[in-house]
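All remarks here apply to the structure that follows.
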Amino acid sequence: MDMLTGLVARSQALLFVAEALAIALVAKNVDDWRTSSFDDDQLIVGQGNVALGIRRAGLLLGGMIAMAGVLAGTSQDLAADAAAVLLFGSAAYAALFLARWLSHTVMLRGISDDGECAKGNVAVGTMQCGIFVATGILLNGALSGEGTDLWQGLHAFALFFVLGQAVFLALAFVCQRLTPFDDRQELLRDNRAVAVEMAGLLVGLAIVLRAALLGPSQGFHSDSVGFLENACIGAVVLLIFQRVVRGLFLRGVTPARDLRDGNLAVALVLQALTIAFALLIA
């Protein structure tokens, strides 16, 4: 009996995985339709366009990270679980597209991100990948709570997505202002070191914000205040650590100069440090 129960549970799990893959395929086709001025698949497969490949990878990975929050929840029954995966999986990819537009408006204003990716600008593609993955991490936190029904869960998802995106974009905007060079101009000239470091910072911020989203609900007001308090404290601590310890791990490094000069090796180490500290803080 236990073996049969285990086989049924594994079969249901495979069904949910297949459902998640189907949702991701629909999202990929929606993205192809959105960028109908060029053929994404032909540029990725036929011409090896790395920028579009990285961007597409971020979209798919961000969506799967988000849906992992649904799949990790408590099971109700087969019909309810399948409905939850369909509803929240679709909502997650819709939120990813919305987040891409918001980030484009706030962080990448003045840059034709799709056009730059089509031209092969790897820096812009890397930045978009970071935006998708960071948003997926935020959505994972928003989808990891326990709700009594789909409507309550959808309400909580919308609330925390709005709060998370607002704080995330505000912090990203502040970080851009603290940068001693014009990061958008560096992206336009395909400075991959700047893109890698910025994408790492976005992912690090998302990890900290995701931690602030977790925990049992205490009501709309308490949840909102608690999230804002924990998110801001965590983000400030992350930014302080990020700047203080750089010299300990990379002696003689001048981040602004090295990033502006396109030193990708320095950018990779800085990205790893930022994400590592974010995980510790979270």
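The values are calculated or read from the model by the stated rules, or taken from the named source; none is laboratory data. Everything numeric here is computed off the predicted structure, so don't read it as measured data. Because the Cβ atoms are built from the backbone with ideal geometry, glycine has one as well, and the counts that use them run over all protein chains shown.
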task: Determine whether the stretch 20-43 contains at least one residue that is over 26 Å from L159 (Cβ atoms), in a helix (DSSP H, G or I) and modelled with pLDDT under 80.
output: no
- prompt: Which one of L270, L279, L213, L250 is in contact with a helix residue (DSSP H, G or I) (Cβ under 9 Å, 6 or more places away or on another chain), crowded, with 16+ Cβ neighbours inside 10 Å and at pLDDT 80 or above?
  reply: L270
task: Could you identify the single residue in D258, D190 that is of a type outside the set (G, A, S) and modelled with pLDDT under 90?
output: D258
task: Considering only the stretch 101-116, state which residues are outside any helix (DSSP H, G or I) and over 21 Å from N49 (Cβ atoms).
output: M107, R109, G110
task: Return the total of residues in the stretch 93-111 being among the small types (G, A, S), surrounded by fewer than 16 Cβ atoms within 10 Å (Cβ to Cβ) and at pLDDT 85 or above.
output: 1
query: Has the stretch 46-69 got at least one residue that is charged (D, E, K, R), touching a residue at least 12 places away in the same chain (Cβ under 8 Å) and closer than 22 Å to L169 by Cα?
result: yes
task: Examine the stretch 124-134 for a residue that is at pLDDT 80 or above and aromatic (F, W, Y), and state whether such a residue exists.
output: yes
query: What residue, of L98, L87, is over 25 Å from L187 (Cβ atoms), assigned to a helix (DSSP H, G or I), of a type outside the set (D, E, K, R) and within 20 Å of the chain's Cα centre (by Cα)?
result: L87
- prompt: Scanning for something within 30 Å of C175 (Cβ to Cβ), out of contact with any Ser or Thr (no Cβ under 7 Å at 6 or more places or on another chain) and among the aromatic types (F, W, Y), does the stretch 13-20 turn up at least one residue?
  reply: no
- prompt: Of the conditions (1) modelled with pLDDT of 80 or more; (2) closer than 14 Å to L138 by Cα; (3) surrounded by fewer than 24 Cβ atoms within 10 Å (Cβ to Cβ), L202 fails just one. Which one is it?
  reply: (3)
